[in-house]
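The values are calculated or read from the model by the stated rules, or taken from the named source; none is laboratory data. A quick note: this is a predicted structure, and the numbers were derived from the prediction, not measured. All accessible areas refer to the heavy atoms of the entire protein, side chains included, with ligands and DNA or RNA removed. Shrake-Rupley method; radii C 1.70, N 1.55, O 1.52, S 1.80 Å.
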Amino acid sequence: MKKFLTSLLAILGVAVLFAFAGCETYEPGDPLEPMKIDQGYSISYAFTASSDVMTIGDKTSMKDYLDALKEDGVITFEGSESQYGFFITSVLGVSSKTVSSTANSYSGYDWTVYTTLREKDGVPYASDDSTFVYNGITLYKGAYGVSGIPCVEGETYALVYELSSSNW
């Protein structure tokens, strides 16, 4: 019996070793290669907010944090200011792209914010309408542009290039 258990443990050890061989370790702030997720999303960049990048205060926005990452040469992005705040239009050289547009509809690839920060001080910052799990973390679609979403230590944020459509 002892020999059987020793053999079983050895086999399990090798299986665990092979299971984790080739797995990448994600560190907060590391840029992620664009990749397909089951729901069809392609993440271009994700990070977990950390005071190692900048001092995070009560008034720090996701845009402030992205600006700090940009200053450090970690990410490049462009965007535009609107009445609803600053919206990302390009990340790492990949720009929003219109697929079709009519007088009452739009379809195209746009940059969307997803975050684990669903609510802060009674204000909802993300919706349950669209979620996905990445690296074991469930992220929720942001309700605002990056300047309207608070940056909170330990929360995870992702810039996602996804197909969106709307009719009005």
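Under 5 Å between amide hydrogens, built in the peptide plane, is the criterion, and for residue 89 it picks out 78, 79, 80 among residues at least 5 positions away or on other chains. Ligands, DNA and RNA are left out, and with a 1.4 angstrom probe the accessible area of segment 84-154 is 51 Å² per residue. As a quick test, which of the pairs 63/141; 59/120; 70/97; 63/97 have an alpha carbon distance above 20 angstrom in this structure? The answer is 70/97; 63/97.
First compute the accessible area of segment 41-160 with a 1.4 Å probe, then give the percent of it belonging to carbon and sulfur atoms. That share works out to 46 percent.
With the cut-off at 1.5 for a/c, could you classify segment 102-168 from its C-alpha gyration tensor as rounded, prolate or oblate? Cα axes put segment 102-168 in the prolate bin.
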